[in-house]
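Note sheet for the following structure.
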Amino acid sequence: MMKNIFKRILESILEVLKAAIHWIYKNRQALTYTFVLLMSLSYFVYVLGYSSNWAMVISETRGGSFYRASQSANRLMGQLGFITVLVVLLTLSFGSIKRKKFYLSNIVLSILSSVLLIVSALITLYYNSVLNRMYARITEEEVPAYLYAVHGAGEKSFEVFKIGNVLSIFMMISAVLLMLFLVQKLRAQKERARLIEKMVINHEH
């Protein structure tokens, strides 16, 4: 009795998983581009608040070298984030999220979106690794701990680096998923065109 109940429960779970996988595969185009858009927007929001934890605290202290380095990194990351959002939105405006047939514009913009996501992610990982070490080396003589409380930063925190690193990984995942989808899409289009051509030839004969 218990064995049959367990079997039915397992079969039900497998059916739900099968249905979920089928739904994901059927809607993979919309899901992929939605994920890419979400990652690009998340990154842009992230870079907008990148240095908020230390900007007011460190800018007027002997930790200025770190502040200047972080601001340079933030500017580049912000520019890349803005461009990436624009390109992704442009990609979606050409109907890539739902278009059955991809044209050159869809292909080029999709590739460009992937490249920008990967470049932004790699640059963020690099700057975060450098700035994390610089920030860790700042002593209380250079930046008194009370300044964090005075300027509302709370305390010396490394969360922004951790969040950025995790976000960068998801950005690269979204870029890879987009490229895999694009390859699959182009193969399917090529195969469809071949079948249509074959049908036309057979019809003529």
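So here's what we get for this one:
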| read-out | value |
| --- | --- |
| Residue in the stretch 76-97 that is over 21 Å from the mean Cα position of the chain (by Cα), more than 25 Å from residue 156 (Cα to Cα) and aliphatic (A, V, I, L, M) present | no |
| In the stretch 92-131, residue nearest to residue 75 (Cα to Cα) [restricted to those that are of a type in the set (D, E, K, R) and either touching a residue at least 24 places away in the same chain (Cβ under 8 Å) or crowded, with 16+ Cβ neighbours inside 10 Å (or both)] | 98 |
| Qualifying residue in the stretch 113-133 (condition: modelled with pLDDT under 95 and not in a helix (DSSP H, G or I)) | no |
| Among (1) farther than 23 Å from residue 25 by Cα; (2) under 19 Å from the mean Cα position of the chain (by Cα); (3) part of a helix (DSSP H, G or I) - the single one residue 50 does not satisfy | (3) |
| Any hit, the stretch 33-47, residues being at pLDDT 85 or above, surrounded by 13 or more Cβ atoms within 10 Å (Cβ to Cβ), among the polar types (S, T, N, Q) and under 30 Å from residue 133 (Cβ atoms) | yes |
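The values are calculated or read from the model by the stated rules, or taken from the named source; none is laboratory data. Keep in mind that what you see is a predicted model, and the values were worked out from it rather than measured. Ideal geometry is used to build each Cβ from the backbone, glycine not excepted, and the neighbour counts take in all protein chains shown.
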